Amino acid sequence: MSEQAPNRRIEITREAMRSAANDPEQIEARIALAKFTAQVFDRVGTLLHLSGHIVGPDRKSGASPFGYGSDETVAIALLLRIAAELIGASNDLFMNGKAYAAAALIRQMVEVEYLAWAFETRNHDAERWLRSSKDERQEFFTPAKLRKAAGDRFRSKDYGYHCELGGHPVPTSAILLDGEASISQMLLSDLLGHAGRIWDHLIGWARLQNEGFVLEPAAEMSAKFAEWKSKDTLVDLPPPP
């Protein structure tokens, strides 16, 4: 095999990625799903916020330092509302050519995904997080601590990739300042992947709790994400090496 062959395959892959990132139908699908997801997250988060203030045993038992009915429900609501704002703001920034600022928000989405995993899988983590002090969050809820607790589920390389690309002011961030539209679209596709996994974790939590506010839009969310995945060929990209 000639030395040019591997390089030729790399160039073909890059061209395919650029084509997928700049395809109008795929762009429309990404933007539409980001808007829809932000709206659903915000609506469900608001409903859970109201419900958690009223319904639950924590106020009566004295467990909630805030006087909420369910600290767990309020914590889930807060996480959804945070994610909604990150998704909506990232989408707007990408559409306005502000890729660096949007990429910085995606790193926050990665941290929301870690917390969503913890809230689904670790008993009482949601309420413990809501009641935590800064020192307690440093002890239990930093990204590194959550990755370690999750075993092989999350790669530290992926988090480092987001830190280098947009999370910190480093030289490699220059790629995001050159106005390359395909970069924005690849990152938007990645953002939607994180949003989908966050939703999956919260659906898992809702099924255990029989929480209708989350379960009610589940079918429509699944259909929207399936439609996006059928159109967006960037979802098949491998993770960063």
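The values are calculated or read from the model by the stated rules, or taken from the named source; none is laboratory data. Small disclaimer: the values here were computed from a predicted structure and weren't measured. Methodologically, a virtual Cβ is constructed for each residue, glycine included, from the backbone with ideal geometry; neighbour enumeration extends over all protein chains shown.
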Conditions (1) touching a Ser or Thr at 6+ places or on another chain (Cβ under 6 Å); (2) small (Gly, Ala, Ser); (3) modelled with pLDDT under 90: number failed by ALA195: (3)
From GLU28, GLU113, residue being under 20 Å from GLY196 (Cα atoms) and buried (at least 19 other Cβ atoms within 10 Å of the Cβ): GLU113
Wholly enclosed helices (runs of 4 or more DSSP H) of region 57-164 bearing at least 1 residues aromatic (Phe, Trp, Tyr) and more than 16 Å from the chain's Cα centre (by Cα): 99-121, 125-130, 134-140
Pairs where the first residue, in region 24-52, is over 10 Å from LEU80 (Cα atoms) and the second is aromatic (Phe, Trp, Tyr) and outside any helix (DSSP H, G or I), C-beta under 6 Å, 6+ apart: GLY52/TYR68
Where THR73 falls short, out of the listed (1) at pLDDT 95 or above; (2) of a type in the set (Val, Ile, Thr); (3) under 20 Å from SER184 (Cβ atoms): (3)
Conditions (1) closer than 16 Å to ASP232 by Cβ; (2) out of contact with any Leu (no Cβ under 6 Å at 6 or more places or on another chain); (3) not charged (D, E, K, R): number failed by PRO143: (1)
Test set (1) within 30 Å of ILE175 (Cβ to Cβ); (2) in contact with a helix residue (DSSP H, G or I) (Cβ under 8 Å, 6 or more places away or on another chain); (3) surrounded by 15 or more Cβ atoms within 10 Å (Cβ to Cβ) - ASN22 fails condition number: (3)
Test result for LEU78, within 19 Å of HIS162 (Cβ to Cβ), surrounded by 18 or more Cβ atoms within 10 Å (Cβ to Cβ) and out of contact with any His (no Cβ under 6 Å at 6 or more places or on another chain): no
Residues of region 81-104 that turn out to be surrounded by fewer than 23 Cβ atoms within 10 Å (Cβ to Cβ), modelled with pLDDT under 95 and closer than 25 Å to ALA144 by Cβ, as a count: 3
From LEU86, LEU47, LEU78, residue being over 22 Å from ALA103 (Cα atoms) and of a type in the set (A, V, I, L, M, F, W, C): LEU47
Complete set of residues in region 182-241 that are of a type in the set (S, T, N, Q) and closer than 24 Å to HIS49 by Cβ: GLN209, ASN210, SER222
Criterion (without any contact (Cβ under 8 Å) to a residue 24 or more places away in the chain, crowded, with 17+ Cβ neighbours inside 10 Å and part of a helix (DSSP H, G or I)) met by exactly one of ILE203, ILE198: ILE203
Residue within region 128-140 that is surrounded by 20 or more Cβ atoms within 10 Å (Cβ to Cβ), under 16 Å from ILE106 (Cα atoms) and among the aromatic types (Phe, Trp, Tyr) present: no
